[in-house]
């Protein structure tokens, strides 16, 4: 059978299995096992356990549960509320300070937790009611938090970037640095639109917040600065050559737990158990998907599907930017239905050879891919962040949340266009800090 036609059958079967409701990891194993048995016989199943566990035999994978524990310990405290409150007090004299505070808090909390839903929940619980109380439009209040929450998978330390680095054998340190400037670019675009939408509402009083004394500004800092110091310390240790990503993640997780216990009194065994339980469940889910994706990639390679697709793309007489547009469209649609980790693990082994052959930088492409995944987080039918916001503010119609998020989707598309025009936005900082790649 022609490998390209077989690839189309595999794609259709994968979509059907995943839409049946089974977990992503189990669905990938079912599809992989089925096609291997059909085309290579029953003996091919003997290789599946070896591939499954071999994919997990990677020291870099230890950073995933460590960063998740780090984020979970922060998310289980009032750190998000304190961060929001600190920014609000310090930005009170800035026009539109409240909405800027919310987006700034989302960016910083995303860097601390690495989780988009956690960022939405932590900042949204404080930010949305406060913005609505002061008369901000519901669309701006809900949309800004939903969009700000997506920064959790772009701004380092990002679990999504770690997964991409492992799947493509790309430097995780470079990937973290590559997300910094695009992350700041997105924050700026989000703030710009929020201020414009607020100004357009016609109430100039919305652009002015209440005033705080210097005492009120400084009293909240001791509860926030330790977490920010840990994030900076983790990044410094990683890029200063002091430790590997896995080692710095372990130290960061321990320090975050200690600060959560000391500052936020998270000392009860039941509270600590919840942090470790939730972190373990999320870690196992991600690691299971990674292992299953390894089997899925082996199946595609064994049936010569991956190689045939790459060869076929190479023979197409199209401009490389037309090719990149098609890749972005594919990633965008995939992100509507699947979690970012699943999309990366399924698509990266197929897309990366195509991207490199077309002359694109794999570090730059990681940022493009991640922003596409961010769009999926605030787009139906899945749109996880939309439902998180709906749970926080159930009296805001889901339609209003969706329409309020659409301008931020446009901001992300604009960011992708800017990255295509100026790829140095993603590649300059990694090269400046870690040296140019050979």
Restricted to the stretch 202-227, and to residues that are in a helix (DSSP H, G or I) and modelled with pLDDT of 75 or more, which residue is surrounded by the fewest Cβ atoms within 10 Å (Cβ to Cβ)? 215
Hey, can you tell me all the residues within the stretch 156-172 that are in contact with a helix residue (DSSP H, G or I) (Cβ under 6 Å, 6 or more places away or on another chain) and under 19 Å from residue 431 (Cβ atoms)? 156, 161, 164, 165, 168, 170, 172
Scanning the stretch 276-304 for residues that are part of a loop (DSSP other than H, G, I, E, B) and on the phi < 0 side of the Ramachandran plot gives 303
Is there a residue being crowded, with 17+ Cβ neighbours inside 10 Å, touching a helix residue (DSSP H, G or I) at 6+ places or on another chain (Cβ under 8 Å) and free of Cβ contacts under 8 Å to residues at least 60 places away in the same chain anywhere in the stretch 43-51? no
Checking the structure you have, find out if any residue of the stretch 258-275 is farther than 21 Å from residue 70 by Cβ, at pLDDT 80 or above and assigned to a helix (DSSP H, G or I). no
Within the group 378, 396, which residue is touching a residue at least 24 places away in the same chain (Cβ under 8 Å) and more than 14 Å from the chain's Cα centre (by Cα)? 396
Single match in 27, 71, 34 (criterion: in a helix (DSSP H, G or I) and under 30 Å from residue 134 (Cβ atoms)): 71
Tell me, yes or no, whether the stretch 175-182 has at least one residue that is buried (at least 20 other Cβ atoms within 10 Å of the Cβ) and at pLDDT below 80. no
Residue 365 is checked against (1) crowded, with 18+ Cβ neighbours inside 10 Å; (2) under 18 Å from residue 8 (Cα atoms); (3) without any contact (Cβ under 8 Å) to a residue 40 or more places away in the chain and fails just one. What number does that condition carry? (2)
Restricting to the stretch 6-37, what's the tally of residues that are surrounded by fewer than 11 Cβ atoms within 10 Å (Cβ to Cβ) and either modelled with pLDDT of 80 or more or touching a helix residue (DSSP H, G or I) at 6+ places or on another chain (Cβ under 7 Å) (or both)? 1
Members of the stretch 412-436 found to be surrounded by fewer than 17 Cβ atoms within 10 Å (Cβ to Cβ) and in contact (Cβ under 8 Å) with a residue 24 or more places away in the chain, listed by number: 413, 414, 418, 420, 428, 433, 434
Given the options 312, 321, 267, name the one that is surrounded by fewer than 16 Cβ atoms within 10 Å (Cβ to Cβ), under 23 Å from residue 164 (Cβ atoms) and in contact with a helix residue (DSSP H, G or I) (Cβ under 9 Å, 6 or more places away or on another chain). 321
Might you check whether a residue that is surrounded by 24 or more Cβ atoms within 10 Å (Cβ to Cβ), closer than 24 Å to residue 419 by Cβ and without any contact (Cβ under 8 Å) to a residue 40 or more places away in the chain occurs anywhere in the stretch 118-128? yes
Against the definition (touching a helix residue (DSSP H, G or I) at 6+ places or on another chain (Cβ under 7 Å) and not in a helix (DSSP H, G or I)), how does residue 379 come out, yes or no? yes
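The values are calculated or read from the model by the stated rules, or taken from the named source; none is laboratory data. In this text, all values refer to a predicted model and were calculated from it rather than measured experimentally. Don't worry about glycine lacking a Cβ; one is built from the backbone with ideal geometry, like all the others, and counts go over all protein chains shown.
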